[in-house]
Each structure stands twice: as C-alpha cells, then as structure tokens.
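Down below is the structure, laid out as structure tokens.
The values are calculated or read from the model by the stated rules, or taken from the named source; none is laboratory data. Computed from a predicted structure; not experimentally measured. A quick note on method: Cβ atoms are made from the backbone with ideal geometry, for glycine too, and the neighbour counts reach across all protein chains shown.
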Amino acid sequence: MIDCAVIGGGPVGLVFAILNHSNQNKIQIFEAKKSNALYQDSRALALSNGSRLILEEIGVWEKLKKNITNINRIHTSQVNSFGRTLLDAKEFNEKSLGFIVSYGDLMKTLIEKIEKLNNVEVIYETKVTKCFDDKSLIHLSLQNKNETKVVQSNLVILADGANDKIEGLELQKKIKPLNHSAIVTKVSTELPHQNTAYERFTDEGPIALLPNKNNKFSLVWTGPNEHIDKLANLNEKSFLIQLHKSFGDRVGNFKECEKRISFHLKHSSVSVLHPNIVALGNASQTMHPVAGQGLNTGFKDAYKLNKAIKKFNDDKDLQSILDGYKKSRSGEQRKILDFTEILVNGFSSDLVGLKKVRGFALSFLDITKPIKNSFVRKLSYGE
C-alpha cells in the first residue's frame with residue numbers, strides 16, 4: 001500500500017513528487033525506461049520564470065544553473081514585412097526572460113534531489129499495464145522484466161503521455177490535429193547568439209532559434225506536414241541553405257546542424273474519469289510549441305495540485321479536493337491552448353492584407369509598454 005503512485009518519471013512527475021513528499025508517507029514513481037536513458041536526452045527545454053520559481057522552491061535551481069543558458073532578449077519578426085518586437089529582460093526588471101536546459105541535465109538534477117528523499121522511490125523499467133478503482137483505492141498492475149505484481153494507492157498521478165496503453169483507465173480525450181509538424185535540432189551559426197532568442201514568422205509557419213550551450217542555437221521549425229516532411233528529407237547542406245533562405249541574415253550563415261527529429265503536432269486535452277487519478281503535463285494536454293508553454297504548464301499543474309492537496313484534512317475529503325483542482329485547472333489550460341492557437345493562426349495565415357496587420361501589431365506591441373508588460377507576464381509566469 002502506497003500513498004501516491006506517479007506513472008511516468010519525466011520532469012513533471014518528478015517535480016510533483018518532490019513538492020508533495022512532505023504530505024505523504026510513501027511515493028513511488030514508475031518509469032518504463034532505464035535510468036541511464038533519461039540522462040542521455042539532449043533535447044532543449046524552455047523554462048519560464050514561473051518554472052524557475054518552482055525549481056527554486058524545491059531546492060534544485062542553484063545546481064541546475066550551471067547547465068542553463070539565459071534568454072535575455074527575444075526578437076520577433078515576420079518575413080518580407082515591416083514591424084518587429086524586441087523584448088529585453090532589463091526593460092521588465094527581470095534577470096532573464098527565460099532559460100534553456102537540456103532534458104538530460106534537468107533529469108539528472110531532479111533525480112539527485114529525489115535520491116535524498118527517504119519516502120520517494122523511482123522504479124525503472126516498470127510499466128503500468130492495468131488499473132481499476134475500488135472505492136477510495138486505485139489498484140495498479142505493474143510489469144517489469146522479472147515479475148508482474150499489483151499495488152494499491154490512495155492517489156495516482158498520470159505524468160506519462162502514453163497513458164492510453166493502460167487497460168481499464170477511463171479517459172475522455174479531445175484531440176484537434178493541427179495538420180502541422182515540427183522539426184527540431186541544434187545549429188551552429190556564423191554569429192554568436194548573445195543570449196537572444198528569435199521567433200521568425202514565415203508564410204509556412206514559425207521558426208524559433210533558442211540560445212543554447214557552446215554558442216549553438218536550438219531550432220524549432222514548425223509548418224504544414226508536407227513542408228516539414230520535405231525539410232526532414234533534405235541533406236544537411238540543403239537543409240541549412242533553406243533555413244537561411246527562410247530565416248534571413250540576423251545570425252549570419254548556418255554552418256552545421258545536429259541530428260534532425262520531426263513529429264506531428266496536435267492540441268489535446270484529457271479528462272480522467274476516475275476520482276482519485278489526476279493527469280499532469282503532456283498526459284493532461286498537448287499544444288503547439290510556438291510559445292514554449294508545454295513543460296511550463298506541466299510544472300504549474302504540479303504546483304497547483306500540490307497546493308490543493310495540502311488543504312486535505314478531516315473536514316474535506318481527498319476526492320472533493322481533486323475535483324476542485326480538476327475544474328479550476330481545466331479553465332486555465334483552455335486559456336493557454338487558446339493563446340497558442342491565436343499566435344499560430346494569426347502569424348501563419350496568408351490572407352490578403354493580414355501581413356500588414358501583423359506588421360502593425362508587432363510595431364504597436366513594441367512601443368506600447370502596458371501591452372508589452374502583459375505579454376511578457378503571460379510568457380514568463382503564465383499570468
């Protein structure tokens with residue numbers, strides 16, 4: 001018998017376990033992958049200032065800082081049009097507007113913190129294959145290479161996007177295919193990044209360059225499926241030529257790129273139809289990466305849920321606490337999905353005259369301090 005079972009040992013599941021450990025006697029985290037596989041992932045993650053505050057609260061930020069690249073400026077523009085917006089951290093009395101860290105570095109720091117907690121355990125190479133609820137208890141069937149067993153838990157956290165493979169788990173999903181894909185890689189450029197991130201809107205979709213370690217950029221290029229498929233199939237030289245043609249000269253020539261990974265994009269939201277099971281992060285919603293809100297929304301999920309559980313006492317049962325959390329967060333998540341959808345649709349449409357409107361909008365944002373402040377608060381703190 002355990003107090004809390006977390007399905008998925010990624011960043012969101014680990015952050016929730018660290019936040020929540022003082023409220024529980026025993027937390028177990030079930031992760032399907034091998035432990036060392038989680039450290040090898042070099043994908044770039046964008047962290048907001050809101051996420052920084054959460055990571056500071058759980059005591060990992062200072063150690064993580066040495067592996068982080070600060071985003072001090074964000075330059076937003078569109079191809080073949082006037083108008084641009086420049087956001088500078090100094091203008092908003094912030095040290096940075098955001099941060100870039102590799103998945104592996106973040107995981108290593110979080111696991112090291114977990115290993116210091118006596119009541120939290122990560123169990124690797126273990127899949128949850130079945131679940132069913134019995135009054136206030138959730139029964140989980142676990143499978144690893146040696147055995148199959150069943151555990152009971154008062155609370156189950158879904159923090160793994162592959163939750164549809166669990167037999168007996170009842171979910172209500174809303175999925176909206178975007179007919180867009182993303183291609184991600186790291187690129188080296190002729191000019192140094194100087195801690196500036198670029199968001200360049202093209203007729204085919206946005207190109208984001210995020211400053212990374214060793215003076216490289218992390219590239220996130222999104223667009224219609226057919227366009228991204230063509231880019232993915234180009235050789236390195238042709239890909240870099242096309243990138244320069246689409247992005248422009250702000251960072252000089254693109255010299256090299258690492259392995260490219262492409263994937264389809266979708267907006268999705270998930271409701272769990274079990275009273276004592278809660279979905280967090282990508283298990284709860286997925287969104288377009290244009291505003292870099294995915295992981296940060298997951299961390300905010302974990303923080304808000306832990307805050308709600310702290311109110312659990314004899315006067316209020318756990319189920320009513322969880323119901324309240326689910327209702328309040330679903331509204332907030334909807335707003336974030338709407339925000340990213342407006343950005344994508346507003347800057348990807350090629351309707352006649354809309355490019356001029358976008359140019360005026362970027363220029364207006366650049367010179368209008370209150371709106372600029374509100375936009376930065378939204379990006380940095382999700383407010």
Task: One residue from 217, 239 being at pLDDT 90 or above, outside the structural domain of residue 13 (by TED's automatic domain parsing) and more than 21 Å from the chain's Cα centre (by Cα) - done: 239
Task: Out of 98, 50, 13, 104, sole residue that is of a type in the set (Gly, Ala, Ser), within 18 Å of the chain's Cα centre (by Cα) and either at pLDDT 95 or above or surrounded by fewer than 15 Cβ atoms within 10 Å (Cβ to Cβ) (or both) - done: 13
Task: Residue, nearest to residue 89 (Cα to Cα), within segment 193-244, restricted to residues that are among the hydrophobic types (A, V, I, L, M, F, W, C) and part of a helix (DSSP H, G or I) - done: 243
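Do we have residue 88 as surrounded by fewer than 15 Cβ atoms within 10 Å (Cβ to Cβ) and either more than 29 Å from residue 305 (Cα to Cα) or under 16 Å from the mean Cα position of the chain (by Cα) (or both) here? If you could, list the steps in order and put the result at the bottom.
Working: surrounded by fewer than 15 Cβ atoms within 10 Å (Cβ to Cβ): yes; either more than 29 Å from residue 305 (Cα to Cα) or under 16 Å from the mean Cα position of the chain (by Cα) (or both): yes.
Yes, satisfied.
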TODO: Check whether at least one residue in segment 166-186 is assigned to a loop (DSSP other than H, G, I, E, B), touching a residue at least 60 places away in the same chain (Cβ under 8 Å) and of a type in the set (Val, Ile, Thr), and report yes or no.
DONE: yes
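Would you pick out the residues in segment 23-37 that are in contact with a Cys (Cβ under 7 Å, 6 or more places away or on another chain) and in a loop (DSSP other than H, G, I, E, B)? Can you show your working first?
Of all residues in segment 23-37, those in contact with a Cys (Cβ under 7 Å, 6 or more places away or on another chain) come to 24, 27.
Across segment 23-37, the qualifying residue is only 24.
Restricting segment 270-301 to residues that are over 14 Å from the mean Cα position of the chain (by Cα) and part of a strand (DSSP E or B), which is surrounded by the fewest Cβ atoms within 10 Å (Cβ to Cβ)? Let's see the steps before the verdict.
To start, the set of residues in segment 270-301 that are over 14 Å from the mean Cα position of the chain (by Cα) comprises 270-279.
Then keep just the ones that are part of a strand (DSSP E or B); that gives 270-272, 277-279.
Details: 270: 20, 271: 13, 272: 20, 277: 22, 278: 24, 279: 26.
It comes out as 271.
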Task: Meets criteria (surrounded by 20 or more Cβ atoms within 10 Å (Cβ to Cβ), in the same structural domain as residue 255 (by TED's automatic domain parsing), closer than 16 Å to residue 77 by Cβ and in contact (Cβ under 8 Å) with a residue 60 or more places away in the chain) for residue 197 - done: yes
Task: Near pairs, Cβ below 6 angstrom, 6+ apart or cross-chain, from segment 217-243 (touching a residue at least 24 places away in the same chain (Cβ under 8 Å) and closer than 17 Å to residue 253 by Cα) to any residue that is surrounded by 19 or more Cβ atoms within 10 Å (Cβ to Cβ) and charged (D, E, K, R) - done: 218/186
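Would you pick out the residues in segment 107-135 that are polar (S, T, N, Q), within 18 Å of residue 4 (Cα to Cα) and surrounded by 15 or more Cβ atoms within 10 Å (Cβ to Cβ)?
Kept after step one, since they are polar (S, T, N, Q), are these residues of segment 107-135: 109, 118-119, 126, 129.
Then drop every residue that is not within 18 Å of residue 4 (Cα to Cα), which leaves 118-119, 126, 129.
Those that are polar (S, T, N, Q), within 18 Å of residue 4 (Cα to Cα) and surrounded by 15 or more Cβ atoms within 10 Å (Cβ to Cβ): 119, 126.
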Task: Filtered residues of segment 248-300 (kept if modelled with pLDDT of 95 or more and small (Gly, Ala, Ser)) - done: 252
- [ ] Confirm whether residue 36 is touching a strand residue (DSSP E or B) at 6+ places or on another chain (Cβ under 9 Å) and farther than 12 Å from residue 110 by Cα.
- [x] no
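Return the residues of segment 53-93 that are β-branched (Val, Ile, Thr), modelled with pLDDT of 90 or more and part of a loop (DSSP other than H, G, I, E, B); say none if nothing qualifies. Full working, then the answer.
If we filter segment 53-93 for residues that are β-branched (Val, Ile, Thr), which is where we start, we get 54, 58, 60, 68-69, 71, 74, 76, 79, 85.
From what is left, the residues that are modelled with pLDDT of 90 or more are 54, 58, 60, 68-69, 71, 74.
Scanning segment 53-93 gives 58, 60, 68.
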Open item on the list: Restricting to segment 218-258, count the residues that are hydroxyl-bearing (Ser, Thr, Tyr) and surrounded by fewer than 16 Cβ atoms within 10 Å (Cβ to Cβ).
Closed with: 1
